[in-house]
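So the structure is just underneath, and the comments pick up after that.
Every number here is computed from the coordinates shown, using simple stated rules; none is lab data. Just so we're clear, the structure is a prediction, and the values are computed from it rather than from any experiment. We place every Cβ from the backbone using ideal geometry, glycine too, and count neighbours over all the protein chains shown.
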Ligand SMILES: C[S@@+](CC[C@H](N)C(=O)[O-])C[C@H]1O[C@@H](n2cnc3c(N)ncnc32)[C@H](O)[C@@H]1O
C-alpha cells in the first residue's frame, strides 16, 4: 500500500513541486547511456520524472508504480505517449527483457521486510534480459540524515498550478532503526484542507 504522499489524489499532484530540482536523476541518464540500455524498466516510477527523460533520449520505457494518483500525474505530462505505464507494485514488472531496471528516489527503501525485498528482486530479475542491470540507490545510515530533517525542515509554502498555495511541514515521528518514521502535513490554503502522510522507509544498517 503506497503512502498517501504518492497515492492521495491531492498529494500526488504537488509531489514534484516539493521535490524540487531532480539533479539526482542525471546519474541514471548517464548510466543508461553508458550501458547502452534501449529498454528501461522504471520500478516505482512515481510521477514519471525519470521515465520521461529516458523516453526523450529515445529509450523504450516501462514505468511501474502502485500509486495510481502518481501515475495519473505522470500520464498528464507532455511526451509520455510512448511510455508504458503499469499500475502495480514491483512484482507486476512485465517480463520485457529490459536492458536496465532502475529504482530512483529511495524506492528501494519502501521494502521493509526481507521477503518483500527478495520478492521485488526476483520480479526485476525476471523482467531483465540475461546479464541485464539493476541500478538503485539507498541512504547511508551513518549520515543519520533524519536528525537534520528534524531540525531543518520548517514549513515550506509553494504556489502550485492547479492546487494553489500549499504549506508542507515535516516531522520525524519515530526512530527505531532500521526504520525511521516521518509525517508530512500538507495544508491547502485555498480551501483549508489538511492532509497528512505517514511514511516509514527502511534505513539499512551498515555492515
Ligand atoms: C520516493 S517515491 C520515488 C518516485 C520516483 N522513482 C522518483 O524518483 O521520483 C517512491 C515510489 O515508490 C513507489 N512504491 C511504493 N511501494 C512500491 C512497491 N512495492 N513496488 C514499487 N514501487 C513502490 C511509491 O508509490 C512511490 O511512487
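For region 41-72 and region 106-153, what is the centre-to-centre distance using only Cα atoms, to the nearest Å?
17 Å
Helix-only mean residue ellipticity at 222 nm, the chain, DSSP H runs n ≥ 4 weighted -39,500 (n - 2.57), per residue, nearest 500. What is it?
Computed mean residue ellipticity for the chain: -8000 deg cm²/dmol.
Regarding the chain, what is the average projected area of its C-alpha convex hull, in nm²?
Average projection, Cα convex hull of the chain: 11.6 nm².
As I understand it, the value is the acute angle between the Cα axis of helix 114-127 and the longest principal axis of the Cα atoms of the chain; what does it come to in degrees, rounded to 10?
With both axes taken from Cα atoms, the answer is about 40 degrees.
Can you list, largest first and rounded to whole Å, the semi-axes you get for region 64-179 by taking the square root of 5 times each eigenvalue of its Cα gyration tensor?
30, 23, 12
For region 116-205, what are Rg and Dmax over the alpha carbons, in angstrom?
17.9, 52
Given Cα pairs under 8 Å that are at least 6 residues apart, what percent is the relative contact order of region 86-207?
22 percent
Going by how many other beta carbons lie within 10 Å of each one, how would you line up 80, 47, fewest first?
Fewest-to-most ranking of 80, 47: 80, 47.
Restricting to bridges with both residues inside the chain, how much of the DSSP beta-bridge set is antiparallel, in percent to the nearest 5?
Here the share of antiparallel DSSP bridges comes out near 60 percent.
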